[in-house]
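Below is one structure, written out as structure tokens; comments come after it.
The values are calculated or read from the model by the stated rules, or taken from the named source; none is laboratory data. Quantities reported herein were computed from a predicted structural model and do not represent experimental measurements. No Cβ is skipped: glycine too gets one built from the backbone with ideal geometry, and neighbour counts run over all protein chains shown. For accessibility, only protein heavy atoms count, side chains too; no ligands or nucleic acids. Shrake-Rupley method; radii C 1.70, N 1.55, O 1.52, S 1.80 Å.
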Amino acid sequence: MLTKATFCAHQPMQLSRCLSNALARQTACPSVLQNPPKSDTLRSGGCLREALLEMAIQGPEMVFAGYVTLLDECVDKRALRGGQRVHAHMIKTCYLPPIYLWTRLIVFYTKLGLLGDARRVLDEMPLRNVVSWTAMISAYSQKGYASEALDLFQQMLRSETEPNEFTFATILATCTGMSGFQLGWQVHSLVIKNNYESHIFVGSSLLDMYAKAGKIHEAREVFECLPERDVVSCTAIISGYAQLGIDEEAIELFSRLQREGMDPNYVTYASVLTALSGLAALNHGRQVHGHVLRREVPFYVVLQNSLIDMYSKCGSVTYARRVFNSMSERTVITWNAMLVGYSKHGMGRQVVELFEFMRKEKKVKPDSVTLLAVLSGCSHGGLEERGLQLYREIINGEHGVQPEMEHYGCVIDMLGRAGQLQEAFEHIQQMPFEPTPAIWGSLLGACRVHSNVDIGELVGRKLLELEPENAGNYVILSNLYATAGRWEDVRNLRHLMKEKAVIKEPGRSWVELDQVLHTFHASDRFHPRRGEVFEKVKDLSLKIKALGYVPELSCALYDVDDEQKEKILLGHSEKLALAFGLMASAEGVPVRVIKNLRICVDCHNFAKFVSKLYAREISLRDKNRFHHIVNGICTCGDYW
DNA sequence: GTAGGGTTAG
């Protein structure tokens, strides 16, 4: 028999421990789980009833505190049934439960992933405050229900509840996932109105929203106006630059902020590594890796994933694999990063082997990116048969992944590579998607390689209609006309290009030497040693001509005579970077050139001859993949 | 009781 005296001797915490054990036992019983909660259950629940009774003796406040403790324990133990019992008990016995108790129930249900139940609590509670609204909005947002979150936010505003810093941080993160920034912009004005712009959480959410919408200047402005900064806001702006491919700025900002006292954490390093992957700055990447090891930054999977990506995009799949092998825990992204690495290097066999290993291990389920990486690996690695077989398996639903546009894109690429242009064309028309310019572009590239003017012209014209502003399409179609000797068409195309005022992203290439990136533009006017470099390119050209190199004049798009065209070609940024790499590095050392666009046919040829002449390994990373050239032969098989 | 930054693909 329990007496009041013994109850008072208990602390609520001790009580709840006894309770949670009982609740955990009850949750484990499947027959209880299958039954909907009934108030009767509480009567026979024993331990719970006694504990609550015990607390009730200490007055209503203690009951509320008891409920809170219980709900916390239920969240920790993921005891759904227990929480439901507390909920039922609260409804039955409490007269006017306070708002915070209702809110705790919302949190309990959202943490167990039961958004519907949480929403029911919100709808049923007699009074709501900013915390209860925000808890529900945040749950919707985090589970990916952006429109529900926004809808609720609007309801909250209509109910004349003032949003607080939590609400704004949450709703801005929700806007980040939406297309465009119109909505985020409107929320921004609300933020200003409510005077939360300088709040560090709201500020970082706000700048992240702008950065992810591509508005990096706005993001930077928010960042610069923050009265205080912490590692999260700093990381947000750095990763903003990195994700938009403004890699140099990301690195510079990182160095500056670090000098100013920012203490980077594993997320910061992951973002910095992304920027270094973009620049293919292997030595910088190694340095960051060393730094991370020395500082004993915890090796979270995310950081290791970005190390794998950095090493493979910087040309070292061996190092990437070393990191991969060292990991005790791998996520699907780990596997994907490694597969993509092999794929970009044209290592088809390794892609297929790793994929088989992944399937055999069965710890991680392949997703659509995995299959994309394997398909693209087969395509770039000369395993078209295996790739087509995998494609058929995907279509038949054998991999449990819905085929997407990109998967079809890979197949078009494979058919094109195999010279089956008609099949590729038909395949595009039979796809269950409206073909994107990228799909047509891939076929156009295939037509150029196989000199198929008939299909190429059809595809090229379609592309010019779809994206008249993309200079690349004009270039390839013009190449194609040139190979067929259709000079009149080449001229017309050039006029059309002028008329549409097509702006071509300026091509640039770079080499990394002694931790310095040397960047070259076409017919460079900036690099201090450009004079020597031009001479070197001319010299190389003369020497390889003796070996059989013939400039591919169709790669020069200007309406000038052949001599001028050759001069233009010799000024291409990748040739300058290659020549500089040869000049500035020791004999026999491989030269690694990186280009921001796709490498042109003439430069590819040029590099092949140079690798033969100097017995040097040349690796060229372009927008799509790596070209490893040894003794005049490239791993891409002259198709890219 | 409620909140912000991160890794693969395109």
Given (1) open to solvent by less than 30 Å² (accessible area, probe 1.4 Å); (2) among the polar types (S, T, N, Q); (3) without any contact (Cβ under 8 Å) to a residue 24 or more places away in the chain, where does A:Ser541 come up short, assuming only one miss? (3)
Going through the range A:80-97 one residue at a time, which ones are part of a helix (DSSP H, G or I) and within 16 Å of DNA strand B (Cβ to nearest atom)? A:Gly83, A:Val86, A:His87, A:Met90
Filter the range A:550-580 for residues that are more than 22 Å from A:Arg621 (Cβ to Cβ) and of a type in the set (Phe, Trp, Tyr) and give the result. A:Tyr558
Quick check on my filter: what residues within the range A:421-438 are open to solvent by 70 Å² or more (accessible area, probe 1.4 Å) and not in a helix (DSSP H, G or I)? A:Pro432, A:Phe433, A:Glu434
Only unsatisfied item for A:Leu293, checking (1) among the aliphatic types (A, V, I, L, M); (2) surrounded by fewer than 19 Cβ atoms within 10 Å (Cβ to Cβ); (3) closer than 22 Å to A:Asp208 by Cβ, is (3)
Is there a residue in the range A:439-450 that is crowded, with 22+ Cβ neighbours inside 10 Å, in a loop (DSSP other than H, G, I, E, B) and either in the same structural domain as A:Leu553 (by TED's automatic domain parsing) or at pLDDT below 90 (or both)? no
A:Lys344 basic (Lys, Arg) and either touching a helix residue (DSSP H, G or I) at 6+ places or on another chain (Cβ under 6 Å) or more than 11 Å from DNA strand B (Cβ to nearest atom) (or both): no
Exception for A:Ile171 within (1) open to solvent by 30 Å² or more (accessible area, probe 1.4 Å); (2) in contact with a Pro (Cβ under 8 Å, 6 or more places away or on another chain) falls at (1)
Identify, please: which residue in the range A:492-508 is open to solvent by 70 Å² or more (accessible area, probe 1.4 Å) and without any contact (Cβ under 8 Å) to a residue 24 or more places away in the chain and is, among those, farthest from the chain's Cα centre (by Cα)? A:Asn492
Among the residues that make up the range A:466-482, is at least one of them loosely packed, with under 13 Cβ neighbours inside 10 Å, in a helix (DSSP H, G or I) and at pLDDT 75 or above? no
Restricted to the range A:62-79 and to residues being more than 16 Å from DNA strand B (Cβ to nearest atom) and buried (at least 21 other Cβ atoms within 10 Å of the Cβ), the residue nearest to the chain's Cα centre (by Cα) is A:Ala79
Restrict the check to the range A:451-461 and report whether at least one residue is surrounded by fewer than 21 Cβ atoms within 10 Å (Cβ to Cβ), within 24 Å of A:His407 (Cβ to Cβ), among the hydrophobic types (A, V, I, L, M, F, W, C) and touching a Cys at 6+ places or on another chain (Cβ under 7 Å). yes
Given the condition surrounded by fewer than 17 Cβ atoms within 10 Å (Cβ to Cβ), assigned to a helix (DSSP H, G or I) and either within 9 Å of DNA strand B (Cβ to nearest atom) or hydroxyl-bearing (Ser, Thr, Tyr) (or both), answer yes or no: does some residue in the range A:133-145 qualify? yes
For the range A:98-118, state whether one or more residues are under 25 Å from the mean Cα position of the chain (by Cα), small (Gly, Ala, Ser) and within 12 Å of DNA strand B (Cβ to nearest atom). no
Go through the range A:189-231 and report how many residues are within 11 Å of DNA strand B (Cβ to nearest atom), buried (at least 21 other Cβ atoms within 10 Å of the Cβ), of a type in the set (A, V, I, L, M, F, W, C) and within 10 Å of A:Leu172 (Cβ to Cβ). 4
Does A:Gly381 meet the test of being open to solvent by less than 20 Å² (accessible area, probe 1.4 Å) and under 30 Å from A:Cys447 (Cβ atoms)? no
Do we find a residue being more than 7 Å from DNA strand B (Cβ to nearest atom), open to solvent by 10 Å² or more (accessible area, probe 1.4 Å) and of a type in the set (S, T, N, Q) anywhere in the range A:328-339? yes
Candidate set: the range A:386-402, residues that are assigned to a loop (DSSP other than H, G, I, E, B) and in contact (Cβ under 8 Å) with a residue 24 or more places away in the chain; chosen: the one most open to solvent (accessible area, probe 1.4 Å): A:Gln402
Residue pairs within 6 Å by beta carbon, gap of at least six or interchain, first lying in the range A:261-276 and more than 15 Å from A:Lys313 (Cβ to Cβ), second within 9 Å of DNA strand B (Cβ to nearest atom) and of a type in the set (S, T, N, Q), listed first then second, are A:Val267/A:Thr235; A:Thr268/A:Thr235
Only one of these conditions is not met by A:Gly315: (1) within 11 Å of DNA strand B (Cβ to nearest atom); (2) in a loop (DSSP other than H, G, I, E, B). Which number is it? (1)
Looking only at the range A:234-253, decide whether some residue is within 9 Å of DNA strand B (Cβ to nearest atom), charged (D, E, K, R) and crowded, with 17+ Cβ neighbours inside 10 Å. no
What single numbered condition from (1) within 14 Å of DNA strand B (Cβ to nearest atom); (2) surrounded by fewer than 15 Cβ atoms within 10 Å (Cβ to Cβ) fails to hold for A:Met156? (2)
Collect the residues in the range A:80-96 that are open to solvent by 20 Å² or more (accessible area, probe 1.4 Å) and closer than 21 Å to A:Pro126 by Cα, keeping them in residue-number order. A:Gln84, A:His87, A:Ala88, A:His89, A:Ile91, A:Lys92, A:Thr93, A:Cys94, A:Tyr95, A:Leu96
Looking at (1) surrounded by fewer than 20 Cβ atoms within 10 Å (Cβ to Cβ); (2) in a helix (DSSP H, G or I); (3) among the charged types (D, E, K, R), which one does A:Asp413 not meet, given that it meets all the others? (1)
